[in-house]
Amino acid sequence: MGEKTNNDAKPLAELPPIAVAILDFLIAGLGSILMGQMKKGIVWFIIVFACFALGYVTIFIGFIVAFVFKLLLAIDAFKLATKQANGSPIKEGETSFKILGLPLGLLGVEYVPFE
């Protein structure tokens, strides 16, 4: 098991990785929040919500973008939950897709590539 640092995410619940991925797909950011990545989860919830709102204005383009983000978030949640279930800590800004880490910089959360 890796050594904990101040930047390690502290999970709120221990769920199987597939459950985390499904929850993250259903409600964007929920999987991240359950894994302890609070800022990441909140940021992505807001972004996906905004995409859905734009979907009404942009004749469904926002819906497509939101769906793609939700799919990427679910895959990311599955990978990180698997890593966490295997006893390795995950960082607050850790993500397996760079595009998911970019908005975190606005909150001062450093993007950490998935290892």
Subject >> Computed [θ] at 222 nm, helices only, for the chain once each DSSP H run of length n ≥ 4 contributes -39500 (n - 2.57) >> reply: -17500 deg cm²/dmol
Original post:
What is the packing order of peptides 25-32, 62-69, 43-50, taking the mean over residues of other C-beta atoms within 10 Å and listing the highest first?
Top reply: 25-32, 43-50, 62-69
Original post:
Once both labels are modelled 7 Å past Cα along the beta-carbon direction, what's the LEU26-ILE46 spacing in nm?
Top reply: 2.5 nm
Original post:
What's the angle, to the nearest 10 degrees (0 to 90), between helix 38-57's Cα axis and the longest principal axis of the chain?
Top reply: 10 degrees
Original post:
Roughly what angle does helix 61-85 make with the longest principal axis of the chain, taking Cα atoms, 0 to 90 degrees, to the nearest 10?
Top reply: 10 degrees
Original post:
When only C-alpha pairs under 8 Å and at least 6 residues apart count, what is the relative contact order of the chain, in percent?
Top reply: 29 percent
**OP:** Calculate, in nm to one decimal, what ILE99 and PHE63 gain on full extension: separation in residues at 0.36 nm each, minus their alpha carbon distance.
**Re:** 11.2 nm
**OP:** Have a look at VAL112, ASN86, LEU102 and report the one farthest towards the positive end of the charge dipole of the chain, computed about the Cα centre with Cβ charges (Lys/Arg +1, Asp/Glu -1).
**Re:** LEU102
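Which order results if ASP24, ASP76, ASP8 are arranged by neighbouring Cβ count within 10 Å, fewest first? Let's see the in-between values first.
Details: ASP24 29, ASP76 25, ASP8 17.
Result, fewest neighbours first: ASP8, ASP76, ASP24.
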Original post:
Using a simple spin-label model with points 7 Å from Cα along the Cα→Cβ vector, what separation in nm is obtained for LEU107 and ALA53?
Top reply: 1.7 nm
**OP:** Please give the residues of the stretch 13-42, grouped as numeric ranges, whose backbone N is less than 13 Å from a label point set 7 Å along the Cα-to-Cβ vector of ALA85.
**Re:** 14-23
Original post:
Relative to the first principal axis of the alpha-carbon coordinates of the chain, what is the inclination of helix 17-26, with its axis defined by its Cα atoms, in degrees from 0 to 90 and to the nearest 10?
Top reply: 20 degrees
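Note down the magnitude of the dipole of the chain about its Cα centre, charges +1 on Lys and Arg C-beta and -1 on Asp and Glu C-beta and zero elsewhere, to the nearest 20 debye.
Details: 9 positive and 9 negative charges, 30 e Å.
Once rounded to the nearest 20, the dipole reads 140 debye.
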**OP:** Would you pull out the residues with amide H under 5 Å of THR95's amide H, same chain only if 5 or more places away, H placed 1.01 Å from N?
**Re:** VAL112, PHE114
Subject >> Long-range amide H partners of ALA9 with built H, under 5 Å >> reply: ILE90, LYS91, GLU92
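Values quoted throughout were computed directly from the atomic coordinates according to the rules given, and no laboratory measurement underlies them. It should be emphasised that the depicted structure is a prediction, and the values quoted were computed from it without experimental measurement. Backbone-built Cβ (ideal geometry, glycine too); neighbour counts: all protein chains shown.
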